[in-house]
1. Could you check Val187 against (1) farther than 24 Å from Arg291 by Cβ; (2) outside any strand (DSSP E or B) and say which number it fails?
2. When residues of segment 153-183 are filtered for being surrounded by 21 or more Cβ atoms within 10 Å (Cβ to Cβ), in contact with a Ser or Thr (Cβ under 7 Å, 6 or more places away or on another chain) and in a strand (DSSP E or B), how many remain?
3. Can you give me the ranges of the helices (runs of 4 or more DSSP H) entirely in segment 208-275 with at least 2 residues that are farther than 23 Å from Gly151 by Cα and open to solvent by 50 Å² or more (accessible area, probe 1.4 Å)?
4. Which of the residues that make up segment 123-144 are part of a strand (DSSP E or B) and touching a Ser or Thr at 6+ places or on another chain (Cβ under 8 Å)?
5. Which residues, counting only those in segment 276-308, are aromatic (Phe, Trp, Tyr), within 27 Å of Glu230 (Cβ to Cβ) and open to solvent by 20 Å² or more (accessible area, probe 1.4 Å)?
6. For residues that are out of contact with any Leu (no Cβ under 7 Å at 6 or more places or on another chain), touching a residue at least 24 places away in the same chain (Cβ under 8 Å) and surrounded by fewer than 16 Cβ atoms within 10 Å (Cβ to Cβ), tally how many sit in segment 77-127.
7. Just for segment 25-47: of the residues that are outside any loop (DSSP other than H, G, I, E, B) and in contact with a helix residue (DSSP H, G or I) (Cβ under 6 Å, 6 or more places away or on another chain), which one is most open to solvent (accessible area, probe 1.4 Å)?
8. Show the residue pairs that are 6+ apart or on different chains and have beta-carbon atoms under 8 Å apart, the first residue being within segment 279-308 and closer than 20 Å to Gly151 by Cα, the second being surrounded by fewer than 19 Cβ atoms within 10 Å (Cβ to Cβ) and of a type in the set (Asp, Glu).
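The values are calculated or read from the model by the stated rules, or taken from the named source; none is laboratory data. All of these numbers come straight from a predicted model, not from anything done at the bench. Because the Cβ atoms are built from the backbone with ideal geometry, glycine has one as well, and the counts that use them run over all protein chains shown. Ligands, DNA and RNA are stripped out before the accessible areas are found, and what is left, the full protein with its side chains, is counted by its heavy atoms. Shrake-Rupley method; radii C 1.70, N 1.55, O 1.52, S 1.80 Å.
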Amino acid sequence: MELLTVDQITKTPFIIANTQSSTYQALKEEHIIPVFSKDNHPLIAQFQIIETMMDVLSGFKDLKPLDPQIRVSHPIMGRIPEARTKKAFELLPHETTLYYERMMFLIKIPNIRSLIEGKELSLVIGGVKSYSWDNLGKDQRASQHFKFFIGFQVKVCSNLCISTDGAILEFKTSSIDLLGKQIRLMVEGYSAEQHLSWMESLSNYSLSEGQFAHFLGKCRMYQHHLYKEEIPEILITDSQLSSVTKGYYSDPHFSNNQGNISLWNLYNLLTEANKSSYIDGFLDRGVNAQRISNELIHGLESNQSWFI
């Protein structure tokens, strides 16, 4: 795996929890590929997903993508048969095998950008793959599971802003070609203008300190509510809510203003807290942050939201 520069190491990553940085070359050249146990057929490799995404983006002349940023987690380590009797510390580099169960990548499109409350945002596209979603006990006919997204990233904090219209949370296929077609459909169907307009509208709404406290309390109550199907879903965890609370007081970019907090700032506190999610649940919580924000807008306009 290639060495990271000082700038890469110190830069805030788009996801933090239990992950480490990787490269396309490492995924392609150093990591083994899981197989279906019934016929030894390889699954679609993680590097192939990134490769397919880059091929699709090359077909859009107005998109100027940078190299992908890649985060991996949950390493699956092994060894070659000749090293089966060696102790772990005795293993030589060529005697070990490795792949990561979970991988998330992000591709920046810096030529498409905007400003909201003085914060620069740029378009990003990416995907998530976890082999834990697949049944490796089957054969090559089994569907494989993928997640993709297109949205914006806030430059000052690397927060990802993902909308329901810009996320595919459940796509199944065993074909690279169908994978590429689905990514193209996602990009073509996404409206950056509409997404930006929604985010800009968040600045028009704010919660008082009392409403914010009420919101936090309701979020904590959700996990124990007896009739969850009757209220908006909340995927943010208690520890993430603690991070949101801390940010309300001390976040350098999105804290409260004399007790009041705009929904734009609160939305960013939610997406900042989401960085502590594991890779396989990251997109779901990112989309949930948008849904929660929409529910708060509805509550402020109608005074009928369960949240406030």
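1. Of everything listed in (1) farther than 24 Å from Arg291 by Cβ; (2) outside any strand (DSSP E or B), Val187 misses just condition (1).
2. Residues meeting the conditions: 4.
3. Of the helices (runs of 4 or more DSSP H) lying wholly inside segment 208-275, those with at least 2 residues that are farther than 23 Å from Gly151 by Cα and open to solvent by 50 Å² or more (accessible area, probe 1.4 Å) span 209-222, 238-250.
4. Going through segment 123-144, the residues part of a strand (DSSP E or B) turn out to be 123-130, 144.
The one that is part of a strand (DSSP E or B) and touching a Ser or Thr at 6+ places or on another chain (Cβ under 8 Å): Gln144.
5. Answer for segment 276-308, where residues must be aromatic (Phe, Trp, Tyr), within 27 Å of Glu230 (Cβ to Cβ) and open to solvent by 20 Å² or more (accessible area, probe 1.4 Å): just Trp306.
6. 6
7. Of the residues in segment 25-47, the ones outside any loop (DSSP other than H, G, I, E, B) are 25-29, 35, 42, 46-47.
Okay, now just the ones that are also in contact with a helix residue (DSSP H, G or I) (Cβ under 6 Å, 6 or more places away or on another chain), so 27-28, 46-47.
Values: Leu27: 8, Lys28: 99, Gln46: 12, Phe47: 29 Å².
My answer is Lys28.
8. Asn288/Glu233; Arg291/Glu233
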